[in-house]
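Comments concern the structure below.
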Amino acid sequence: MKQYILEAKNISKSFGNVRALEDVNFYLEKGIIHGLLGENGAGKSSLMNVLSGIYQPEKGSIFVNNIKQTNLNPEYASELGIGMVHQEFRLIESFSIQDNLTLSKSNIYRDDFKNAFEKYSEIFSLSVNPEKTISELSVGEKQKIEIMKLIFNNSSIMLLDEPTAVLTPQETDQLKNSLKRLSEEDEKTIVLISHKLKEIREFTETVFVMKNGEMVAENLLTENVTDNNLIELMMGHIKKSVIDKSNKVGDAKLNIKSVEYVDKVNNYKLLDNINFEIKAGEILGIAGVSGNGQVELANIISGIQVDYSGEIFINGQDVSGKGVKSRKKLNLSYIPENRLGVGLAPGVSILDNSIVKDYFKTRRGPHLSKTKTKTYLENLINTFSIKAPDSKAEISTLSGGNMQKLLMGRELISKPEVIIASQPTRGLDVNAVEAIHNLLVDQRDGGSAILLISEDLDELFKLSNRLLVMYEGKIVKSFDINNADINNVGLAMAGVIE
Amino acid sequence: MNNLKLFKRQSINELSTFYSFLIGFVIAIFIGSIILLVQDKNPIDTFSLMLRLSVGSINSLSSSLNKAIPLILAGLGISIMNSVKLWNIGAEGQIFLGAIAVNYLYINTQFNSPTLHIFVLLIAGFAGGSLCILIPAITKVVFGVNEIITTLLTNYIVFGITIFLINGPWKDPKSLNFPAAAYVGEEVFLPTIFGKLSLGFLICILFTALAHYLKNKSVFGFEMRIAGGSALTAVYAGINARQKAFIAMLIGGGFAGLAGAIELLSQTHRVSTGISQGFGYTAIIVAAITGMRPLGIFLVGCLFGALSIGGSVIQTIGVSAYISDIIQASTLFGALIIQFFFTYQIKKVEND
């Protein structure tokens, strides 16, 4: 039998009624880079949090160096040499690099900081002064310091939760080499979570795949497994669409022509040569793992972000250089991904939030008509069956589903010609999802052109007439929904394009 | 294992602020009584004397309301700024600069009609207050500098300017070396409406209505609320959040500046350090207690005006005037604590 440095057996963990992990087995060999693959919500981060002692599993056991560990907590896990890099940075922004690296009491290079920092700076191709404060660093440099922190804390098992999500392609390449050297020279055991098949292929020796809280493949040798295999494991089978797609399609309502958007700080193209059009009565789905330019695209079309190059036509009118208000006047609605915080203002009443889109319609000169506003909200509540008992209460007193219905209702009541819906059902329960899907289909049948941005492939296959896949700021593939194959979509999302 | 956790209440009673103020006030009277008892004074006697001497006659009532004017106006200014979730700690300085602007204009202009003259001087006061908050407003919207710190610091700057003016260029040779500017002429004194109550009180009522309209009825108020709730939502809705914050700050400063103008034209009649006795700070308490509601600010402002008159008269029986400060501050404390229980409920939950 093989010796494993860490072994987790039959781990189960749930949050309320949601099963995050179901009978999961996971084991790591010393000095090897392991990949952990899975869609969002598959349970990858939950598993990592269990291993690093942050979550206590309800069932199952964890062995470190063949010794069974009960009551694993973060402090004890770090003593055992298990360290984790979270998706969000856990650095103290106002402290120097040195202070951040030597903060933990399990630090091993406190007395020999200078030499150790030089050594690992070389491995990570990092050239900054350790006296610099974290807030002065770039995102890529912060990520390197995060990983370096594990080494300084003497972690022999390094759990990295999507470390490449915030990195540019060049930085990702550098990281690959650094991790390779750490596993070879220091015998570090590394777990890399990623959505990108290319990275799994280049970084790792073995790969685990999770789906819906279960481990569907264990310890596959990366070089023996095909991309198609991995995608099939990750995505499984999809329910075929039940929505009639034979509705009438009219003229183009939204045209996007060679749109480009550059992140000026890192001089990096967040959107690269985007072209598409949407016709009246059509839902165009955009698939892609989040962070591949979808938010930027939605913001640019809605007019929030105006420093892009290229052309956008709404209803045949060139809107380049026009702001949010004038685009709204062309009957464009935007349902942003961030429900509370962008679409709705927290701390403000339901009534106020209900008129954010159309408040110029409920005004009378400089005066905001109370009756008109109330009628407006009542109309929304009745049309979209929203449960909002007290219109003066803060918006956050509503449930997620009702919040989203209010937001969608507000954006849809005026029968918009163009709708951008970004992750419209994220985090909602089944009934709310169904209600929101029906709303979108109704709008489609009413002749709206709809851009649907989602990470949920079920949703995209169910609603879209056509499907585009975004990857690293580009549209890498386009599918007609009738001929689209889920595995091909999955491959394109993971960056594999034949 | 059981744990206590806080949950935000689904709906909050509309009068909750009023109830928490009442309970807070009772708590404050209770605390005040204990302090009086420790000093061997009878609280009932003391408080009834305070009541009699602050609202018992036309004269005392009008003094109390006069004291309320700067509290109310500065408090309204604070509440307007709070619509965009900004805090104005600089009302004190704005009051002084409002008075300074009035005096500057008074010295340098001539008007034939006293009514017009007073009117222009009041506008100058408003402008002075706006001017005082201009730098914090610019640094806030351009660089994002915390307005709490900058508005607080301008207080010290303006106070320094005041000291300089009344000891230097504006020093009145007839003031027997007391640092103060010369009195303004009687023609620009604000007329009284009954007893000693100055016309300023009518202006106060007018501005309370104005603030209420601006905050709760106008489109501008709506835009301020959205911008204050989330800058991202404002951008998304096409509302210029920075512009709203900037304008709200200038208006807020202007209200306090107007208070300074009224104080100068109706009470002190000259620029000295006595233009404000901490009105700008007490106004923060007034605004906070009422949950930033203009009508509430008006009522609590009147009460606090009476309290400070009451506090100053009971010194004659050997009780420190600070008792009224203690009551004002404890009312805020009590009200904030009670408001917490109106907003949240504490529930036992099982640990997961």
Being open to solvent by less than 60 Å² (accessible area, probe 1.4 Å), more than 12 Å from every other protein chain (Cβ to nearest Cβ) and either of a type in the set (V, I, T) or more than 29 Å from the chain's Cα centre (by Cα) (or both) is the filter here, so list the residues in the stretch A:395-436 that pass it.
A:I413, A:S414, A:V418, A:I419, A:T425, A:V433, A:I436
Does A:N483 satisfy the condition of being open to solvent by 20 Å² or more (accessible area, probe 1.4 Å) and in a loop (DSSP other than H, G, I, E, B)?
yes
Quick one: would you say A:I335 is open to solvent by less than 10 Å² (accessible area, probe 1.4 Å), at pLDDT 90 or above and not small (G, A, S)?
yes
Could you identify the single residue in B:I203, B:I166, B:I157 that is among the β-branched types (V, I, T) and within 18 Å of the chain's Cα centre (by Cα)?
B:I203
Checking the conditions here, which among B:V84, B:V102, B:V26 is within 14 Å of chain A (Cβ to nearest Cβ) and either more than 22 Å from B:F340 (Cβ to Cβ) or not in a loop (DSSP other than H, G, I, E, B) (or both)?
B:V84
Kindly provide the set of residues from the stretch B:105-119 that are assigned to a helix (DSSP H, G or I) and either of a type in the set (D, E, K, R) or surrounded by fewer than 17 Cβ atoms within 10 Å (Cβ to Cβ) (or both), ordered by number.
B:I107, B:N108, B:P114, B:T115, B:L116, B:F119
Tell me whether the stretch A:279-297 contains one or more residues that are out of contact with any strand residue (DSSP E or B) (no Cβ under 7 Å at 6 or more places or on another chain), farther than 15 Å from B:Y236 by Cβ and open to solvent by 30 Å² or more (accessible area, probe 1.4 Å).
yes
Which listed residue, of A:K245, A:K188, A:K253, is open to solvent by less than 70 Å² (accessible area, probe 1.4 Å), among the basic types (K, R), over 24 Å from A:L150 (Cβ atoms) and modelled with pLDDT of 85 or more
A:K253
Can you name the strands (runs of 3 or more DSSP E) wholly within the stretch A:30-73 that have at least 1 residues being within 27 Å of the chain's Cα centre (by Cα)?
A:33-37
If A:E22 passes every condition in (1) in a strand (DSSP E or B); (2) touching a Pro at 6+ places or on another chain (Cβ under 8 Å); (3) open to solvent by 40 Å² or more (accessible area, probe 1.4 Å) but one, which one does it miss?
(2)
Tell me the residue from A:L47, A:L28 that is in the same structural domain as A:Q87 (by TED's automatic domain parsing), buried (at least 16 other Cβ atoms within 10 Å of the Cβ), of a type outside the set (V, I, T) and touching a Lys or Arg at 6+ places or on another chain (Cβ under 9 Å), please.
A:L47
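Right, B:S57: over 27 Å from B:V158 (Cα atoms), open to solvent by 10 Å² or more (accessible area, probe 1.4 Å) and away from every other protein chain (no Cβ under 14 Å) or not? Show your work before the answer.
Numbers: over 27 Å from B:V158 (Cα atoms): yes; open to solvent by 10 Å² or more (accessible area, probe 1.4 Å): yes; away from every other protein chain (no Cβ under 14 Å): yes.
In short, yes.
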Selection within the stretch A:58-79 - surrounded by 16 or more Cβ atoms within 10 Å (Cβ to Cβ) and modelled with pLDDT of 90 or more
A:G60, A:I62, A:V64, A:A77
Taking the stretch B:303-314 as the region of interest, how many residues are open to solvent by 10 Å² or more (accessible area, probe 1.4 Å) and closer than 11 Å to B:L49 by Cβ?
1
Given (1) within 20 Å of A:A492 (Cβ to Cβ); (2) surrounded by fewer than 16 Cβ atoms within 10 Å (Cβ to Cβ); (3) touching a Gly at 6+ places or on another chain (Cβ under 7 Å), identify the lone condition not met by A:K196.
(2)
Please work out if A:T362 is hydroxyl-bearing (S, T, Y), under 23 Å from A:K328 (Cα atoms) and at pLDDT 85 or above.
no
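Any idea how many residues of the stretch B:236-247 are in a helix (DSSP H, G or I) and within 22 Å of A:K357 (Cα to Cα)?
Counting residues in the stretch B:236-247 that are in a helix (DSSP H, G or I) and within 22 Å of A:K357 (Cα to Cα) gives 7.
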Look at A:S326 and say whether it is more than 8 Å from chain B (Cβ to nearest Cβ), without any contact (Cβ under 8 Å) to a residue 12 or more places away in the chain and either of a type outside the set (V, I, T) or under 18 Å from A:I419 (Cα atoms) (or both).
no
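Answer with yes or no whether A:K392 is basic (K, R), within 14 Å of chain B (Cβ to nearest Cβ) and surrounded by fewer than 22 Cβ atoms within 10 Å (Cβ to Cβ).
yes
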How about the stretch B:170-227: which of its residues are within 14 Å of another protein chain (Cβ to nearest Cβ), among the hydrophobic types (A, V, I, L, M, F, W, C) and in contact with a strand residue (DSSP E or B) (Cβ under 7 Å, 6 or more places away or on another chain)?
B:V219, B:F222
Kindly check whether there is at least one residue in the stretch B:132-146 that is loosely packed, with under 15 Cβ neighbours inside 10 Å and among the aromatic types (F, W, Y).
yes
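Conditions (1) of a type in the set (S, T, N, Q); (2) assigned by TED's automatic domain parsing to the domain that holds A:A42, marked per residue:
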| position | (1), (2) |
| --- | --- |
| A:I190 | no, yes |
| A:R201 | no, yes |
| A:E214 | no, yes |
| A:N219 | yes, yes |
| A:T222 | yes, yes |
| A:V225 | no, yes |
| A:K245 | no, no |
Read through the list (1) part of a helix (DSSP H, G or I); (2) buried (at least 20 other Cβ atoms within 10 Å of the Cβ), then give the number of the only condition that B:M292 fails.
(1)
The stretch B:228-251, subset more than 10 Å from chain A (Cβ to nearest Cβ) and touching a Ser or Thr at 6+ places or on another chain (Cβ under 8 Å), residue farthest from A:K374 (Cα to Cα):
B:L250
Selection within the stretch B:172-211 - among the aromatic types (F, W, Y) and either in contact with a Lys or Arg (Cβ under 8 Å, 6 or more places away or on another chain) or surrounded by fewer than 21 Cβ atoms within 10 Å (Cβ to Cβ) (or both)
B:F178, B:Y183, B:F189, B:F194
Condition test on A:S14, is it assigned by TED's automatic domain parsing to the domain that holds A:Q87, at pLDDT 90 or above, hydroxyl-bearing (S, T, Y) and in contact with a strand residue (DSSP E or B) (Cβ under 7 Å, 6 or more places away or on another chain)?
no
Considering only residues that are facing chain B (nearest Cβ under 10 Å) and surrounded by 15 or more Cβ atoms within 10 Å (Cβ to Cβ), which ones fall in the stretch A:368-389?
A:L368, A:S369, A:T373
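The values are calculated or read from the model by the stated rules, or taken from the named source; none is laboratory data. Quantities reported herein were computed from a predicted structural model and do not represent experimental measurements. FYI the Cβ positions are ideal-geometry reconstructions off the backbone, even for glycines, and counts take in every protein chain you see. Heavy atoms of the whole protein, side chains included, go into the accessibility calculation; ligands, DNA and RNA do not. Shrake-Rupley method; radii C 1.70, N 1.55, O 1.52, S 1.80 Å.
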